[in-house]
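The values are calculated or read from the model by the stated rules, or taken from the named source; none is laboratory data. Note that this is a predicted model, so its numbers are computed, not measured. For neighbour counting, all protein chains shown are included, and Cβ atoms are generated from backbone atoms with ideal geometry for every residue, glycine included.
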Amino acid sequence: MNKLLFSLLLLGAPLCTWAQSGSVTPEMLTKFRKHSSSKADKAIQNALIVNGIDLLATRPNTAEVNDTYFSNEAPSKGITDQAASGRCWLFTGLNVMRAHVIKQQALKSFEFSQSFNSFYDQLEKANLFLQSIIDKADKPMSDKTVEWLFKNPISDGGTFTGVQDIVTKYGAVPAEVMPESYNANNTSRMASLISLKLREYGLTLRKAYAAGERGKKLAARKEEMLSVIYRILTSCLGEPPTEFTYAVKSADGRPMKEEKYTPLSFYQRFVGWDLENNYVLLMNDPTRPYHKTYAIDLDRHTYDGHNWTYLNLPIEEIKQMAIASIKDSVRMYMSCDVGKFYNKKSGVLSLNNYDYGSLFNTDFPMSKAERISTFASASSHAMTLCAVDLDDKGQPRKWKVENSWGLNSGVGGHLIMTDQWFDEYMFRLVVEKRFVPQRTLDLFKQKPTLLPAWDPLFKGEE
């Protein structure tokens with residue numbers, strides 16, 4: 001027996017967990033200390049104690065940082081700011097539509113109200129949660145779907161499918177008609193309180209079901225619960241308008257004819273797209289077979305809406321459609337894992353930004369597929385893809401996106417990403433059908449494979 005362990009037992013000390021098989025032992029710690037005791041290790045330790053990891057791992061990436069030229073670009077018409085909220089998906093979707101409105105109507109500027117669509121998004125998600133709880137009321141609390149619902153009652157993150165369903169059902173209004181409120185820009189407290197209320201209501205509905213309530217009685221309970229959620233949303237975001245009078249302003253700032261609209265008639269008048277049938281939703285997920293369609297269970301914004309459904313494609317095929325769209329000055333909804341290798345000072349996303357391996361004398365070799373399957377990487381943020389820089393062979397060198405973090409972030413509100421970074425951390429792209437080859441469109445005729453709501457790659461962009 002180890003002498004130290006024997007001495008501790010004589011003194012009446014409890015058996016330490018490190019004495020068990022598979023535990024960290026004193027002998028291991030002695031080896032670790034010897035392996036990390038060089039002068040170089042000590043110098044790095046001293047530096048890291050008073051500095052951040054990224055600061056010390058930063059490479060002098062001068063060439064990429066200073067290269068802001070793009071051969072093809074769909075010009076921006078102003079930068080928006082989602083502030084301290086998770087509404088990037090909504091800002092991005094509305095910004096894609098905004099560019100169309102400005103171009104078609106020859107306007108100097110224009111912005112949709114994000115608060116208007118946020119209000120109905122939150123109300124619809126609350127209903128989706130409550131109705132799903134009713135649908136699964138016969139399942140135990142340990143059921144995987146029931147457990148997932150209570151873990152994720154609501155959020156202000158989302159996907160382009162949410163833009164499609166919310167805008168198609170409720171329309172859209174100009175920013176002046178329903179301006180941003182404090183709680184629209186700072187959603188965390190409102191979201192936490194609504195989540196708490198929904199979890200309470202979820203338990204109440206399950207108890208009512210267990211007591212024998214069904215059908216209309218449960219529906220009446222749910223409606224009463226939704227009325228409380230509606231009141232909370234109205235208090236925080238304001239009452240959404242059902243009709244309004246508005247005059248768009250021409251390129252010289254002159255108000256044009258003032259007219260009365262409903263949110264749906266305004267959308268139909270100034271956008272008018274069939275959002276469901278005009279676009280295809282693409283994904284680059286190397287953990288699954290390409291050229292197959294997939295849908296994510298419960299990954300939707302409305303109970304009567306659509307699950308996030310996409311075609312999985314190799315990244316090179318996605319790039320060709322993106323390039324075709326940009327060449328025609330049409331911007332796209334794109335999402336990625338924005339936090340990886342992002343330099344906030346330069347606004348550049350590049351694998352060359354940081355050298356973590358040299359700093360810690362190791363490497364980080366996982367592939368994109370391995371990062372996805374181990375929850376190390378996933379789509380986290382949506383932005384508007386608006387530019388590409390092509391070499392003399394027509395191959396992309398870098399890409400540019402319009403972000404929704406305000407004018408002072410990145411490069412004048414934009415982020416620049418190298419093509420290598422795009423390969424590793426771009427996940428989702430939404431493209432107009434006219435830029436998609438017919439053979440690719442035909443693949444959407446497949447019946448999608450339904451994946452569970454807790455799949456590692458699928459959560460809403462924030």
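Please count how many residues of the stretch 1-40 are assigned to a loop (DSSP other than H, G, I, E, B) and at pLDDT below 90. Quick ask: steps written out before the conclusion?
As a first pass, look at the stretch 1-40 and keep what is assigned to a loop (DSSP other than H, G, I, E, B): 1-2, 11-16, 20-25, 36-38.
Subsequent filtering for residues that are at pLDDT below 90 retains 1-2, 11-16, 20-21, 36-38.
Selection size over the stretch 1-40: 13.
Select from the stretch 57-80 the residues that are within 29 Å of the chain's Cα centre (by Cα), more than 30 Å from Phe110 (Cβ to Cβ) and not acidic (Asp, Glu) and list them in ascending order. Spell out the reasoning first.
Quick first cut of the stretch 57-80, residues within 29 Å of the chain's Cα centre (by Cα) only: 57-59, 61, 64-80.
With more than 30 Å from Phe110 (Cβ to Cβ) added as a condition, the list becomes 57-59, 61, 64-67.
Ala57, Thr58, Arg59, Asn61, Val65, Asn66, listed by residue number.
Collect the residues in the stretch 120-144 that are closer than 18 Å to Val177 by Cβ and touching a Gly at 6+ places or on another chain (Cβ under 8 Å), keeping them in residue-number order.
Asp121
Could you tell me how many of the residues in the stretch 321-358 are farther than 26 Å from Arg59 by Cα and crowded, with 16+ Cβ neighbours inside 10 Å? Steps first, answer last, please.
Keep residues of the stretch 321-358 that are farther than 26 Å from Arg59 by Cα, which gives 321-334.
Keeping just the survivors that are crowded, with 16+ Cβ neighbours inside 10 Å gives 321-326, 330-334.
Selection size over the stretch 321-358: 11.
Could you please let me know if Lys151 is modelled with pLDDT of 95 or more, surrounded by fewer than 17 Cβ atoms within 10 Å (Cβ to Cβ), farther than 30 Å from Gly406 by Cα and touching a Pro at 6+ places or on another chain (Cβ under 9 Å)? Please lay out each step first, then the result.
Numbers: modelled with pLDDT of 95 or more: yes; surrounded by fewer than 17 Cβ atoms within 10 Å (Cβ to Cβ): yes; farther than 30 Å from Gly406 by Cα: yes; touching a Pro at 6+ places or on another chain (Cβ under 9 Å): no.
So Lys151 fails the test.
What is the residue count in the stretch 166-185 for residues that are under 17 Å from Trp308 (Cα atoms) and either surrounded by 23 or more Cβ atoms within 10 Å (Cβ to Cβ) or among the small types (Gly, Ala, Ser) (or both)?
Total satisfying the criteria: 2.
Do you know which of the residues in the stretch 299-314 that are within 26 Å of Phe119 (Cβ to Cβ) and more than 19 Å from the chain's Cα centre (by Cα) is surrounded by the fewest Cβ atoms within 10 Å (Cβ to Cβ)?
Taking the stretch 299-314 as the starting set, the residues that turn out to be within 26 Å of Phe119 (Cβ to Cβ) are 299-309.
Add one more test, that the residue is more than 19 Å from the chain's Cα centre (by Cα), and what stays is 303-304.
On the way: Tyr303: 15, Asp304: 11.
Result: Asp304.
Are there any helices (runs of 4 or more DSSP H) wholly within the stretch 41-144 with 1 or more residues that are within 19 Å of Val430 (Cβ to Cβ), and if so which?
Details: elements: 53-57, 62-66, 88-105, 114-135.
By residue number, 88-105, 114-135.
Hey, any hits in the stretch 418-425 for a residue that's assigned to a loop (DSSP other than H, G, I, E, B) and not acidic (Asp, Glu)?
Step one: filter the stretch 418-425 for residues assigned to a loop (DSSP other than H, G, I, E, B), giving none.
No, that holds for no residue.
In the list Leu313, Leu298, which residue meets the criterion of being modelled with pLDDT under 95, of a type in the set (A, V, I, L, M) and within 27 Å of Ala376 (Cα to Cα)?
Leu298
Cβ-Cβ under 8 Å, sequence separation 6+ or interchain: first residue in the stretch 324-351 and in a helix (DSSP H, G or I), partner among the charged types (D, E, K, R). Which pairs?
From residues that are in a helix (DSSP H, G or I), the pairs are Ser325/Arg331; Ser325/Glu432; Ile326/Glu73.
Is the stretch 145-158 home to any residue that is over 30 Å from Arg269 (Cα atoms), among the polar types (S, T, N, Q) and in contact with a Lys or Arg (Cβ under 8 Å, 6 or more places away or on another chain)?
Filtering the stretch 145-158 for residues over 30 Å from Arg269 (Cα atoms) gives 145-155.
Still in the running and among the polar types (S, T, N, Q): 145, 152, 155.
Of the ones still in play, those that are also in contact with a Lys or Arg (Cβ under 8 Å, 6 or more places away or on another chain) are 145, 155.
Yes; the residues of the stretch 145-158 include at least one that is over 30 Å from Arg269 (Cα atoms), among the polar types (S, T, N, Q) and in contact with a Lys or Arg (Cβ under 8 Å, 6 or more places away or on another chain).
Scan the stretch 352-380 for residues that are in a loop (DSSP other than H, G, I, E, B) and under 13 Å from Met426 (Cα atoms) and jot them down.
Residues satisfying the conditions are Ser377, Ala378, Ser379, Ser380.
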